[in-house]
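**Student:** First the structure, then my questions, so here it is.
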Amino acid sequence: MDDNVIPLVQPKRDEEKLLNVTVTDRKEYAQQRCKHRAVEADETNRVIRCLNCGCVVDPFEHILRCAIDGEHIVTEIMQLHRRRDEMRESVASLEREEKNAKARLRSARTLILFAENDLKNVEQGVKQ
Ligand SMILES: [Zn+2]
């Protein structure tokens, strides 16, 4: 080393020393976006891990999400039952209307037959 070179020593900035926690192994974009829908329960390490992105999932968050999803499914089932009952009522009402319409149709046809018969009788009376 050349003795004429005086090394310039910059005073080291020490803001990083203010941190008492260091974040490592940050999530990738896909891991941040993942909904962690399919998981595995690692019995040995006692962690829940996403099968899609590999992240360790918070067990409480996972159970809470399963419970909320379950509530949504139950709500949907109840709505579908209500809708089915409404449709059954609607079908029963239409069937009643159809029955009444058929009865009115039969009655109207009978009246037409009577009217045609009356007309025939009148026509025959006129001819005689
Ligand atoms: Zn995931």
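Nothing in this text is a laboratory measurement; each read-out follows from the coordinates by a stated rule. Values in this document were obtained by computation on a predicted structure and should not be read as measured data. Here Cβ is always computed from backbone atoms with ideal geometry, including for glycine, and neighbour counts include all displayed protein chains.
**Student:** Tell me the net charge near residue 88. Cut-off is 14 Å between Cβ atoms, residue 88 excluded, with +1 for each Lys or Arg and -1 for each Asp or Glu. Let's see the in-between values first.
**Tutor:** Numbers: positive: 82, 83, 84, 96; negative: 85, 86, 89, 95.
Result for the local shell: 0.
**Student:** Another question, then. Mind listing P(r) for the chain? All alpha-carbon pairs, 10 Å bins, whole percents.
**Tutor:** Whole-percent P(r) values from 0 Å outward: 9, 14, 12, 11, 10, 10, 8, 7, 6, 5, 3, 2, 2, 1, 1, 0.
**Student:** Using mean Cβ contacts within 10 Å as the protection proxy, how do 18-26, 72-80 order, highest first? Present the calculation step by step, with values, prior to reporting the outcome.
**Tutor:** Details: 18-26: 5.9, 72-80: 10.0.
Result, highest mean first: 72-80, 18-26.
**Student:** Note down the relative contact order for the chain as a percent, whole number, built from C-alpha pairs under 8 angstrom at least six residues apart. Could the numbers behind the result be given before it?
**Tutor:** Details: 42 pairs, mean separation 12.1, N = 128.
Result for the chain is 9 percent.
**Student:** Count charges around residue 68 for me, please; just the other residues with Cβ under 14 Å from its Cβ, Lys/Arg as +1, Asp/Glu as -1.
**Tutor:** -1
**Student:** Between the stretch 21-42 and the stretch 46-92, what's the alpha-carbon centroid distance in Å?
**Tutor:** Spelled out, the Cα-based centre of one part sits 23 Å from the other.
**Student:** Sorted by mean Cβ packing within 10 Å, highest first, what order do the peptides 62-68, 48-54, 83-89 take?
**Tutor:** With the highest mean Cβ count within 10 Å placed first, the list reads 48-54, 62-68, 83-89.
**Student:** Mind pulling the angle between the C-alpha long axis of helix 59-127 and the longest principal axis of the chain? Nearest 10 degrees, somewhere in 0 to 90.
**Tutor:** 10 degrees
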